[in-house]
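Asks: Please see the structure below; I have some questions.
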């Protein structure tokens, strides 16, 4: 799981919040099992939905660290809200998501972009079951987290206030999680090496290896 601070600036947070809070919310079980979840989500047919998506998706795609980690081929997202008493029990995201306005995508990575600060609501922690134990997160507004869609996760019941966020899924050009990790670490090594040894030949060698691996593994 990776955390990306400051994906949305204050103006973007305010604009997305304005759009989302003015939109029509529907029962969140339209996109999940009633036995697992109790929350609300913005109705996908609302005209405001596309503008809010554009802001959040554009901010994510402007982040080189997110693109290096996710290698996104395409993504889809929606907005949800948890009021007091609402929750989402332990689950794994569906293998295919979207399809309301186009072709469904394969979910390689899932992400959350927080739109409310943790001080504005009580409870509502996002919990991720990692190979190393549980990780509990209450992100600052504008922060994004991303993780493999194969991981179990849940949202603890909100006790007070409202928790609003964008949630989405990425179909990566690299289907395999291990390959994505190798490419992410190689890119990080390339960047840190170039700070120490700003040599064009070294950079070209890194680029040669990186691009050949990408050429070998990528699905486009």
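Any read-out appearing in this document is the output of simple, stated calculations on the displayed coordinates, not a laboratory observation. Model, not experiment: these values are computed from the prediction. Reconstructed Cβ throughout: ideal geometry from the backbone, glycine too, with neighbour counts over all protein chains shown.
Asks: Which whole-number percent is the relative contact order of the stretch 121-220 (Cα, under 8 Å, 6+ apart)?
Replies: 27 percent.
Asks: Percent relative contact order of the stretch 114-167, based on C-alpha pairs within less than 8 angstrom and at least six residues apart?
Replies: Here the relative contact order equals 54 percent.
Asks: For the stretch 177-217, what is the Kirkwood hydrodynamic radius in Å, using each pair of distinct C-alpha atoms? Don't skip to the answer; put the middle values down first.
Replies: Numbers: mean 1/r = 0.0953 Å⁻¹.
Mean inverse Cα-Cα distance, inverted, gives 10.5 Å.
Asks: Another question, then. R0 = 41 Å: FRET efficiency of residue 43 with residue 215, Cβ-based, nearest 0.05?
Replies: The pair residue 43/residue 215 has a calculated efficiency of 0.45.
Asks: A further question follows. Quick check: pseudo-label points 7 Å beyond the Cα along Cα→Cβ at residue 182 and residue 50, how many nm apart are they?
Replies: 4.1 nm
Asks: Turning to a different aspect of this structure: Where the Cα atoms of the stretch 103-191 are projected onto their three principal axes, how long is each span, largest first, in whole Å?
Replies: Taking the Cα atoms of the stretch 103-191, the three principal extents are 43, 35, 25 Å.
Asks: Compute the Cα gyration tensor for the stretch 27-144, then decide on rounded, prolate or oblate, letting a ≥ b ≥ c be the square roots of its eigenvalues: rounded whenever a/c is under 1.5, prolate when a/b is larger than b/c in the other cases, and oblate in all that remain.
Replies: Judged from the Cα gyration tensor, the stretch 27-144 comes out rounded (a/c under 1.5).
Asks: If you don't mind, there's one more thing I want to ask. Sorted from fewest to most neighbouring beta carbons within 10 Å, what does the list 76, 130 look like?
Replies: Sorted ascending by nearby Cβ count, the order is 130, 76.
Asks: With every atom except the alpha carbons ignored, what do you get for Rg and Dmax of the chain, in angstroms?
Replies: 18.4, 59
Asks: When 165, 31, 90 are ordered from fewest to most other Cβ atoms inside 10 Å of their Cβ, what list results?
Replies: Sorted ascending by nearby Cβ count, the order is 90, 31, 165.
Asks: Also: Using only Cα atoms, find the angle between the long axis of helix 10-22 and the longest principal axis of the chain, and express it within 0 to 90 degrees, rounded to the nearest 10.
Replies: With rounding to tens, the tilt is 40 degrees.
Asks: OK, next. Return the single residue from 79, 111, 206 with maximal mean-square fluctuation; model: Gaussian network over the chain, springs between Cα atoms under 10 Å.
Replies: Taking springs between Cα atoms under 10 Å, the residue moving most is 206.
Asks: Further question: Let me check against my output: what whole-number percent is the relative contact order of the stretch 2-172, with C-alpha pairs under 8 Å and at least 6 apart?
Replies: For the stretch 2-172, the relative contact order is 30 percent.
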